[in-house]
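Here's the structure we're looking at; comments come further down.
The values are calculated or read from the model by the stated rules, or taken from the named source; none is laboratory data. All figures in this text were calculated on a predicted structure; none of them were measured in a lab. Methodologically, a virtual Cβ is constructed for each residue, glycine included, from the backbone with ideal geometry; neighbour enumeration extends over all protein chains shown.
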Ligand SMILES: Cc1cc2nc3c(=O)[nH]c(=O)nc-3n(C[C@H](O)[C@H](O)[C@H](O)COP(=O)(O)OP(=O)(O)OC[C@H]3O[C@@H](n4cnc5c(N)ncnc54)[C@H](O)[C@@H]3O)c2cc1C
């Protein structure tokens, strides 16, 4: 199907894009890589009056580290992020960016578009919770920073206000002794995850867990932090038995939907297995083991 007619605009700067979106009003939508929006338009699930193409705005494709923060520009495509120095230094970032869809989608789809779409099946909104990320937004009232858990409010719903754009994502650079991993379970390469798990942890020299964040994707309407599971691990020397207890605590908060991919019970069991696998990779990476990430394909 062809999209319904719309007017197309290409602003030259971020400020102009925000002014345009504000002036055009509710019917206007920003267009970045188009990998979510264009299929939606072609299915006529949305019929915006105007598209404001931010895809070629300068200065929003970057990944840098400064003052203990890592920042990734909103227009950074997934594949570009996967090849960045930031991803080489922080393996959980590479796991996520490099595993999204296929090469075509990774070359066009952007991290900013992914968090703004707030699709409950997308990888970035889930994985970024494991890094306690913050979303940097710029709109008519200026710049503000919103923690990811307050940014993604519900499926397909964010805290963005009219005319506001995501300009970057930032998170604290992991401390020494940190390791992380993100693994999604997918039917095939160009399909969204059915479930996913992310673990980012820091161990001290005695292998005691100083910090840990665990996230479950596909376990509810939005990605969930498994806080009780994290509490099981924090301050303790990690062992298989402890991880098994933590996995039980994590699964206790999982509320996956039954759908064509399986029952809720099946998905809970899948999440448990994925979490233990993800934890294993994160632990080994915290000891500097070089392990290539890979999602699990059915
Ligand atoms: C075949 C296929 C398979 C896919 N598989 C996966 C997968 O396995 N995992 C996964 O995570 N994703 C997957 N995706 C989605 C893909 O990652 C998209 O790139 C991403 O969801 C949206 O990024 P985009 O730049 O294309 O955004 P667009 O499609 O351009 O925009 C998406 C939405 O966000 C808004 N928007 C875009 N940028 C901004 C911004 N900077 N500020 C404010 N609003 C903005 C738009 O108005 C629109 O509502 C898949 C897509 C396809 C087509």
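For region 91-103: of the residues being more than 8 Å from the ligand (Cβ to nearest atom) and surrounded by fewer than 23 Cβ atoms within 10 Å (Cβ to Cβ), which is farthest from residue 123 (Cα to Cα)? Across region 91-103, the extreme among qualifying residues is 103. A single member of 77, 11 is touching a helix residue (DSSP H, G or I) at 6+ places or on another chain (Cβ under 9 Å) and assigned by TED's automatic domain parsing to the domain that holds residue 132, and it is 77.
Answer yes or no as to whether residue 136 is in contact with a strand residue (DSSP E or B) (Cβ under 8 Å, 6 or more places away or on another chain), over 22 Å from residue 88 (Cα atoms) and surrounded by fewer than 22 Cβ atoms within 10 Å (Cβ to Cβ). Criteria met by residue 136. Scanning region 28-50 for residues being touching a residue at least 12 places away in the same chain (Cβ under 8 Å), out of contact with any helix residue (DSSP H, G or I) (no Cβ under 8 Å at 6 or more places or on another chain) and within 12 Å of the ligand (Cβ to nearest atom) gives a total of 4. Identification of helices (runs of 4 or more DSSP H) wholly contained in region 59-146 with 1 or more residues that are under 19 Å from residue 218 (Cα atoms) yields 91-99, 111-117, 123-130. Scanning region 110-132 for residues that are buried (at least 24 other Cβ atoms within 10 Å of the Cβ) and more than 13 Å from the ligand (Cβ to nearest atom) yields 129, 130, 131. Quick check: is even one residue across region 232-253 within 16 Å of the ligand (Cβ to nearest atom) and either buried (at least 22 other Cβ atoms within 10 Å of the Cβ) or not assigned by TED's automatic domain parsing to the domain that holds residue 28 (or both)? Within region 232-253, none of the residues are within 16 Å of the ligand (Cβ to nearest atom) and either buried (at least 22 other Cβ atoms within 10 Å of the Cβ) or not assigned by TED's automatic domain parsing to the domain that holds residue 28 (or both).
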